[in-house]
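Notes for the one structure printed next.
What follows is calculated from the coordinates using simple rules that are stated; it is not laboratory data. From a predicted model like this one, the values you see are computed outputs, not experimental measurements. A quick note on method: Cβ atoms are made from the backbone with ideal geometry, for glycine too, and the neighbour counts reach across all protein chains shown.
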Amino acid sequence: MDYQGIIIRPPSEANSIILQVTVGCSHNKCTFCGTYKGVRFKIKPESVVEKDIEFAATYCKRQRRVFLTDGDALILPQARLLKLLETIRQRLPWVTRVGIYANAKSIRTKTREDLKALRDNRLGIVYMGLESGDEATLKNIRKGVSVQTTVEMGRKVIEAGIKLSVTVLLGLAGPERSEVHARATGRALSAMDPDYVGALSLMLLPNTPLGRDNIEGRFKLISAKEMLTELKTMITHTDLSSGLFHANHASNYLPVKARLPRDKETTIGLIDQALRGDIPLKPEFLRAL
């Protein structure tokens, strides 16, 4: 398989065939992300991707899912993306679902009919980063898109019949706007009503603007207990019709997996136990991106 640079994928795609169709991220300006720093975004040649599919056709017959990476593979032109999905369907007939990274800008380039056509060709899930429901926080991290637009684009995916998984970041607003960030993010998630929410805890990298701000005293990272308080507030203000709220990423201090609204009160109680010290938190040396 032809892999260029750092390859990342959602935890739920750990057993998928990872097919790199773009290199880097089409936005690549978020201050907290160091994944694609110094990498110029490009779409890989069709011939290279087709060779990878042929490799998978021979050696990846146990995997039932394909994940398309890098950071914003949905940015591919619609005709190219449809052709790619058709090739996957023909050469990997045992694959039941294709997943993809997207952002609000790339979703906006697709009509609802475009998204439905992708769904009909086995695009089963879109992963999108909301990060925060607080406009001031999004501006500070240079997300480049408003909360309202992100919510609208998330709804667009869901209405096309594609599952939506949304990522949010605990600690992203610092101590000053922690509660505002948590409440606003809960409201944005409620408005979007995704199938899955993944809450990660911010880990600062020295090669990022936010990491440098921390080193130079312009940004303060909140404590583990403050992260938990933020998580509790976020879940309190999140109302999903029947979505899974995960906070079991390697970066998190307390593993949480809740079906909302069914498990809301139980999960809040679990967090309260951790805040009281009745449940041990993950030590720093075990946390990872």
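Quick look at the numbers
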| quantity | calculated |
| --- | --- |
| Angle in degrees between helix 264-276 and the longest Cα principal axis of the chain, rounded to the nearest 10 | 50 |
| In Hz, Karplus ³J(HN,Hα) per residue of segment 207-214 (6.51, -1.76, 1.60; θ = phi - 60°; x = Gly, Pro) | 8, 10, x, 5, x, 5, 4, 5 |
| Cβ crowding within 10 Å averaged over residues, with 20-32, 134-146, 162-174, 182-194 ranked highest first | 162-174, 182-194, 20-32, 134-146 |
| Approximate spin-label separation residue 286-residue 212, in nm, with each point projected 7 Å along Cα-to-Cβ | 3.5 |
| Using alpha-carbon coordinates, inclination of helix 78-91 to the longest axis of the chain, degrees | 70 |
| Gaussian network model of the chain, springs between alpha carbon atoms under 10 Å - residue of 121, 252, 15 with greatest fluctuation | 15 |
| Local electrostatic count, residue 121, Cβ distance below 12 Å [Lys/Arg +1, Asp/Glu -1] | +3 |
| 5 angstrom amide H check on residue 17, placed H, neighbours 5+ away | 65, 66, 67 |
| Net length gained if the chain between residue 12 and residue 96 were fully extended (0.36 nm per residue, minus Cα distance) | 28.8 nm |
